[in-house]
Amino acid sequence: MMAHYAFSALPLHAIKKYGKDWIKPGKFVGNGPFVLESWVPQEKITVIPNDKYWNKKNVFISRITFLPIENTTTAYNKYKNGEIDWLTEVPTEMLDEIKLRDDYHVVPNLATYYYEFNINDPVLKDMRVRKALAMSINKQDLVDKVLKGGQIATDAFVPPMEGYTPTKGNSFNIGEAKKLLAAAGYPDGKGFPKLTVSYSTSDGNKKIAEYIQEQLKTNLGITIALQNMEWATFLSKCQANDFQIAGESWIGDYQDPSNFLQLCKSDGGNNDGRYNNPDFDSLLKKASHMKDGSDRMKVLEQAENELITKDQVVVPFYYRVSENCIDLNKWDGWYTNTQDLHPYVGIKLKK
């Protein structure tokens, strides 16, 4: 946990002097391998080596330029044209071509893509409705036929990790989904109000939302609207509990189930759906006071079962994979890993 950036030292003298502007060029103070050179909103950010960095002898790159390109096809074309050296997301529709490239690197990631329900919503507060929606979606087809990037379909929220067995969850079962929806008062989807799925701008999120829309219409006879938002707006609305269903993703900060489960803790800052279950909270608290080992993992397994199998607070779809394009015949010091972390120290052009 202590290696996570949330625990990084902060320059309080700069923050006190400049307030929120301390992150701008000429005011930014950092202790990492690079410092901020320029920031042009919606265009680029550039950083240059920090001459006070403790390990500066192993910083070989003279400048890094970050480009905020939302359209993955545009970014991929720039990569192919040699305008970008490292691409961190690829266009789904071009995967058949991209998979044939030697510079395409795909590995399992400590991350889950899911839809979160707003528990305060008058329709979604019914557990039967939440389970019906979750069980009507063929997640295997989603990863095999829509995403096609090696993602791993799942009904669990927490990714597999050493000593931990994710919950079984509620699997694809149209018959059971229809029964649950009928029991909730919507036989064959009749009278079911139109719900809205909100998601942040990206080609992948749009494809997923359209697939979910089609699945719910075909399998349950219900209609959902899709709402695409710019990232900052989407994040603001989620945090304000101003949504019905939100397409979200969590990348693990460290390899422990609690890092995923705490997202739904009743007083947690990331509990966008406002889930509140004293039994779930109690299990997390109990685990937080236990020594590492199998007994603690069993308590966390119980917590996930409460969250997903029993209450279906979120709908997990798949464990993500990291997808990077970088020519390792050209670059040295870059390695794949389950957390997709790539310190810039040590990365250099090969001779």
> Under 16 Å from a point 7 Å along the Cα-to-Cβ line of ASN58: which residues of the stretch 1-41 have their amide N that close?
Replying inline: 32-34
> Roughly speaking, what is the stretch gain from LEU328 to SER171, that is 0.36 nm per residue apart minus the C-alpha to C-alpha distance, in nm to one decimal?
Replying inline: 52.5 nm
> With every protein chain present, what accessible area does CYS238 have (1.4 Å probe, heavy atoms only), rounded to the nearest 10 Å²?
Replying inline: 0 Å²
>> Restricting to DSSP loop positions (anything but H, G, I, E, B) with no more than 12 other Cβ atoms inside 10 Å of their own Cβ, which trypsin sites (Lys or Arg not before Pro) remain in the stretch 1-80?
In response: LYS52, ARG63
>> At R0 = 22 Å, how high is the FRET efficiency between ALA225 and SER249 if r is their beta carbon distance? Nearest 0.05 is fine.
In response: 0.55
>> With a 1.4 Å probe and all protein chains kept in place, how much accessible area does ILE23 have, in Å² rounded to the nearest 10?
In response: 70 Å²
>> If you take every residue apart from THR167 with its C-beta less than 10 Å away from the C-beta of THR167, what net charge results, scoring Lys and Arg +1 and Asp and Glu -1?
In response: -2
>> Can you give me the % of accessible surface on the stretch 78-149 that is carbon or sulfur? Probe 1.4 Å, all protein chains present, nothing else counted.
In response: 46 percent
> Longest segment of the chain with no GluC sites (Glu not before Pro) in a DSSP loop having at most 13 other Cβ atoms within 10 Å?
Replying inline: 231-351
>> With a 1.4 Å probe and all protein chains kept in place, how do HIS289, HIS105 rank by accessible area, largest first?
In response: HIS289, HIS105
> With every protein chain present, what is the per residue accessible area of the stretch 288-331 (1.4 Å probe, Å²)?
Replying inline: 43 Å²
> So, in nm, how far is label ASP203 from label GLN140 when the simple model puts each one 7 Å beyond its Cα toward the Cβ?
Replying inline: 2.8 nm
> For the Cα atoms of the chain, what angle does the longest principal axis make with the long axis of helix 174-183, in degrees from 0 to 90, nearest 10?
Replying inline: 60 degrees
> Roughly how many nanometres apart are two label points built 7 Å out from the Cα toward the Cβ at GLU43 and LEU12?
Replying inline: 3.7 nm
> If you line up the long axis of helix 203-220 against the longest principal axis of the chain, both from Cα atoms, how many degrees apart are they, to the nearest 10?
Replying inline: 10 degrees
> Looking at this model, which pairs from LYS99/LYS348; LYS80/LYS351; LYS16/LYS57; LYS131/LYS207; LYS27/LYS207; LYS148/LYS350 are more than 30 angstrom apart at the alpha-carbon?
Replying inline: LYS16/LYS57; LYS27/LYS207; LYS148/LYS350
> Accessible area, 1.4 Å probe, largest first: how do ASP155, ASP85 sort?
Replying inline: ASP85, ASP155
>> Per residue, how large is the accessible surface of the stretch 97-192? Use a 1.4 angstrom probe and give square angstrom.
In response: 45 Å²
> How high is the FRET efficiency from GLN262 to LEU100, r the C-beta distance, R0 41 Å, rounded to 0.05?
Replying inline: 0.55
> Can you count the Lys pairs in the stretch 230-343 with C-alpha separation below 27 Å, eight or more apart or on different chains?
Replying inline: 13
> Points 7 angstrom from Cα along the Cβ direction at ASP279 and GLU214: gap in nanometres?
Replying inline: 3.8 nm
> Expressed as a whole percentage, what fraction of the accessible surface of the stretch 208-351 belongs to carbon and sulfur atoms when a 1.4 Å probe is rolled over the protein heavy atoms?
Replying inline: 49 percent
>> Using only DSSP helix segments of four residues or longer, with each worth -39500 (n - 2.57), what per-residue ellipticity at 222 nm results for the chain after dividing by its residue count and rounding to 500?
In response: -7500 deg cm²/dmol
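The values are calculated or read from the model by the stated rules, or taken from the named source; none is laboratory data. This one's a predicted model, so the numbers in the text were calculated from it and none came from an experiment. Methodologically, a virtual Cβ is constructed for each residue, glycine included, from the backbone with ideal geometry; neighbour enumeration extends over all protein chains shown. Protein only, heavy atoms only, side chains kept; ligands, DNA and RNA dropped before computing areas. Shrake-Rupley method; radii C 1.70, N 1.55, O 1.52, S 1.80 Å.
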